[in-house]
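Asker: Structure below; questions to follow.
The values are calculated or read from the model by the stated rules, or taken from the named source; none is laboratory data. Please read these numbers as outputs of a predicted model, since none were measured by experiment. Every residue, glycine among them, receives a Cβ derived from its backbone with ideal geometry; neighbour counts consider all protein chains shown.
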Amino acid sequence: MQTLFPQSLLALAPADLPTVNACLNTIATILLIVGLVLIKAKRISAHRNCMISAFAVSAVFLVLYVTDKVLKGGVHTPFAGTGAVRTAYYVILISHIILAITVPVFAILLIRLGLKHRIAQHRRLAKVGYPIWLYVSITGVVIYVMLYH
């Protein structure tokens, strides 16, 4: 059976997962920002599609992140920086982890409220959930850059 892509392009090595995850977080960040711009422009259908896409990308990220952690036996990548950079890294990491726990709940509730046209509740929750989701997506990339570059 012939496929669209050669098999070698479809296979990911475990070492590739952090980079793939950073790319997924970057895509989610872009989609979240575009989604905000779209709703401000009152393009509701485009906003809905963009935010559902951001959720899908974030869900793929989560599956691959957990896969990466399982493959590494739960061992975290050590941070090599020292001094103020090390302190900044851990402040970002800890805030990222704590807030990341809330993102799936916020995202699911926001999508549900939006799809049910419960706009007042959707807006109210988005004022809290959206900045957290955006922060977690951005800091995911920042953490990757600090660890691997």
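Asker: Looking at region 131-139, can you tell me whether even one residue there is in contact with a His (Cβ under 7 Å, 6 or more places away or on another chain) and modelled with pLDDT of 95 or more?
Answerer: Yes, that holds for at least one residue.
Asker: Here's something else I'd like to know. Might you let me know whether region 43-61 holds any residue that is hydroxyl-bearing (S, T, Y) and within 25 Å of I101 (Cβ to Cβ)?
Answerer: Yes.
Asker: Follow-up. Give me a count of the residues in region 100-126 that are assigned to a helix (DSSP H, G or I) and either over 18 Å from the mean Cα position of the chain (by Cα) or under 21 Å from A22 (Cβ atoms) (or both).
Answerer: Residues of region 100-126 assigned to a helix (DSSP H, G or I): 100, 103-115, 119-126.
Those left that are additionally either over 18 Å from the mean Cα position of the chain (by Cα) or under 21 Å from A22 (Cβ atoms) (or both): 100, 103-104, 107, 112-115, 119-125.
Of the residues in region 100-126, 15 are assigned to a helix (DSSP H, G or I) and either over 18 Å from the mean Cα position of the chain (by Cα) or under 21 Å from A22 (Cβ atoms) (or both).
Asker: Checking S45 against (1) farther than 30 Å from R123 by Cβ; (2) surrounded by fewer than 11 Cβ atoms within 10 Å (Cβ to Cβ), only one condition comes out false. Which one?
Answerer: (1)
Asker: I94 - would you say it is in a helix (DSSP H, G or I), modelled with pLDDT of 95 or more and surrounded by 15 or more Cβ atoms within 10 Å (Cβ to Cβ)?
Answerer: No: the conditions fail for I94.
Asker: Test V60 against the criterion of being out of contact with any His (no Cβ under 8 Å at 6 or more places or on another chain), surrounded by 13 or more Cβ atoms within 10 Å (Cβ to Cβ), over 18 Å from G35 (Cα atoms) and not basic (K, R), and give yes or no.
Answerer: yes
Asker: L99 - would you say it is surrounded by 12 or more Cβ atoms within 10 Å (Cβ to Cβ) and at pLDDT 95 or above?
Answerer: Here the answer is yes, as L99 does meet what is asked.
Asker: Give me a count of the residues in region 103-149 that are farther than 26 Å from T77 by Cβ and surrounded by fewer than 18 Cβ atoms within 10 Å (Cβ to Cβ). Can you show your working first?
Answerer: Step one: list which residues in region 103-149 are farther than 26 Å from T77 by Cβ, which gives 105-106, 108-131.
Restricting the remaining residues to those that are surrounded by fewer than 18 Cβ atoms within 10 Å (Cβ to Cβ) gives 105, 108-109, 111-112, 115-121, 123-125, 127-128, 131.
Going through region 103-149 one residue at a time, the tally reaches 18.
Asker: Conditions: (1) of a type in the set (A, V, I, L, M, F, W, C); (2) free of Cβ contacts under 8 Å to residues at least 12 places away in the same chain; (3) assigned to a helix (DSSP H, G or I). I138 meets all but one. Number of the miss?
Answerer: Unmet condition: (2).
Asker: Then there's this: So which of H117, H149, H47 ends up being free of Cβ contacts under 8 Å to residues at least 24 places away in the same chain and under 18 Å from A15 (Cα atoms)?
Answerer: Exactly one residue qualifies, and that residue is H149.
Asker: Which one of these does V75 not meet: (1) of a type in the set (A, V, I, L, M); (2) assigned to a helix (DSSP H, G or I); (3) surrounded by fewer than 16 Cβ atoms within 10 Å (Cβ to Cβ)?
Answerer: Answer for V75: the failing condition is (2).
Asker: Quick check on this structure: which one of V141, V91, V85 is under 13 Å from the mean Cα position of the chain (by Cα) and among the aliphatic types (A, V, I, L, M)?
Answerer: V141 is the lone residue from the list that is under 13 Å from the mean Cα position of the chain (by Cα) and among the aliphatic types (A, V, I, L, M).
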